[in-house]
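> Next up is a structure, given as structure tokens.
Just so you know, all these numbers are worked out from the coordinates, no wet-lab data involved. Nothing here was measured: the structure is a model prediction, and the numbers come from that model. Glycine gets a Cβ as well: all are built from the backbone with ideal geometry, and neighbour counts include every protein chain shown.
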Amino acid sequence: MSERLTKRDENGNAYYDWGCLNRNHWALGRHIDRLAEYEDTGLTPEQIRELQNAFNILFENVEALWKAKEAILIDINFPVQI
């Protein structure tokens, strides 16, 4: 992880100190909060992408399992008569 761009005050509020835009610039507040939240994770952008890919794979597998469960329950509740 590279050097942080944001800091937190004694109350945990995010702020920055970038020279001409000092402390809590009203128009950037929510963006500074989001940047600080990302920096708090300690993860690199590549690690975030890897986590997103792993989540997508997991979600696809869970979705497939639910569909299989539904198919099994249908078979149990409505057996085919021969």
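> Using a cut-off of 10 Å between beta-carbons, work out the net charge of the residues near residue 40 (Lys and Arg +1, Asp and Glu -1, residue 40 not included).
After counting each charged neighbour, the total is 0.
> If you don't mind, another one. Modelling each spin label as a point 7 Å along the Cα-to-Cβ direction, I'd like the residue 55/residue 17 distance in nm, to one decimal.
Each label point lies 7 Å from its Cα, and together they span 3.3 nm.
> Another one. Once you list every other residue whose beta carbon is under 12 Å from the beta carbon of residue 56, what net charge do they have if Lys and Arg are +1 and Asp and Glu are -1?
-2
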